[in-house]
1. Hey, could you check the stretch 117-132 for residues that are part of a loop (DSSP other than H, G, I, E, B) and of a type in the set (Gly, Ala, Ser) and say which is nearest to the ligand (Cβ to nearest atom)?
2. What are the residue pairs meeting all of these: first residue in the stretch 133-161, first residue under 17 Å from residue 18 (Cα atoms) and of a type outside the set (S, T, N, Q), second residue within 12 Å of the ligand (Cβ to nearest atom) and at pLDDT below 95, Cβ atoms under 7 Å, and 6 or more apart or on different chains?
3. Kindly list the number of the only condition in (1) in a loop (DSSP other than H, G, I, E, B); (2) acidic (Asp, Glu); (3) within 8 Å of the ligand (Cβ to nearest atom) that fails for residue 215.
4. Are there any pairs, at least 6 apart or on different chains, whose C-beta atoms fall under 8 Å, with the first in the stretch 169-194 and in contact (Cβ under 8 Å) with a residue 40 or more places away in the chain and the second more than 12 Å from the ligand (Cβ to nearest atom), and if so, which?
5. Only residues that are within 7 Å of the ligand (Cβ to nearest atom), under 16 Å from residue 42 (Cα atoms) and not polar (S, T, N, Q): list them for the stretch 163-189, please.
Amino acid sequence: MADTRDDALAGDDAEPAIDLTIRLGLDDDERPRAAELYYAAFEALLRPILGEPARALPLLADALDRELALVARAADGRLVGLCGLHIDDRHLVDLRIAAVLRAFGPLDGARRVLVGLLLAASPAPGELLIDGIAVDPRVRGRGVARRLLDELARIAAARGLRAIRVDVADTNLAARRLYEGCAFVAGETRRSALRRRIFGFAAATTMRRAITATE
Ligand SMILES: CC(C)(COP(=O)(O)OP(=O)(O)OC[C@H]1O[C@@H](n2cnc3c(N)ncnc32)[C@H](O)[C@@H]1OP(=O)(O)O)[C@@H](O)C(=O)NCCC(=O)NCCS
């Protein structure tokens, strides 16, 4: 488990400072809040698989692997940011096929499972794959994601991993800038007409940050 660090984060003139605690691990009673934050951030991807919020949120809350959530909490303890880790075959959103079939029935459920496979990705050996970063819209633009990525680099280094990877949709300019500003380098871009039809983005670019032992 990563160290817990508390420090004040200075905003610009228009924004008051935000106190953040960044820590690996989600408390059980935070599952609904984490699911809400994650669904709101990735609704375009999750709605075709999990449906509207009333159906999706309980499924998502149950599917979260608490040990693979890097969590940013504000001074009042409120969860304001979440970064999912995917290492080897474990990842933050661990949706079971049986749970989807139970929720949607065998036919619709099977279709949703197949749609979900369009987003499937696996980390290479020695690599940590980001399973999404979601920041509360009320505190965006104040360095929460950057802080999560700094901590993620420390976690990767402590585990002897060599790289962090993320796949970024071509439509997501905020994410592209975030990762570029945090030492990620763009690699290959993959296109898919099917993904465009279902999720609204045609291409995804792989971005990697090399990790050194001194992170
Ligand atoms: C992308 C996201 C995670 C950024 O979180 P954030 O806490 O607001 O980001 P930060 O304040 O740490 O910003 C760090 C850098 O990212 C870039 N950035 C962040 N938001 C941006 C925006 N809306 N437009 C352009 N660049 C942006 C900037 O380069 C920024 O650095 P700067 O403030 O020095 O200009 C957040 O907007 C979000 O949750 N979006 C929905 C989910 C998502 O797209 N996740 C990323 C894909 S995994």
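1. Narrowing the stretch 117-132 to residues part of a loop (DSSP other than H, G, I, E, B): 118-126.
Then drop every residue that is not of a type in the set (Gly, Ala, Ser), which leaves 120-122, 124, 126.
On the way: 120: 15, 121: 12, 122: 16, 124: 18, 126: 21 Å.
Filtering first and then ranking leaves 121.
2. 139/18; 142/9; 142/11; 142/15; 142/18; 143/9; 147/9
3. (3)
4. Final answer for the pair search is 192/118; 192/202; 192/203; 194/118.
5. 166, 168, 173, 174, 175
Results for (1) within 13 Å of the ligand (Cβ to nearest atom); (2) outside any strand (DSSP E or B), shown as yes or no for each residue.
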| site | (1), (2) |
| --- | --- |
| 115 | no, yes |
| 134 | yes, no |
| 142 | yes, yes |
| 155 | no, yes |
| 161 | no, yes |
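The values are calculated or read from the model by the stated rules, or taken from the named source; none is laboratory data. Every value quoted in this text rests on a predicted model; they were computed, and no experiment measured them. Ideal geometry is used to build each Cβ from the backbone, glycine not excepted, and the neighbour counts take in all protein chains shown.
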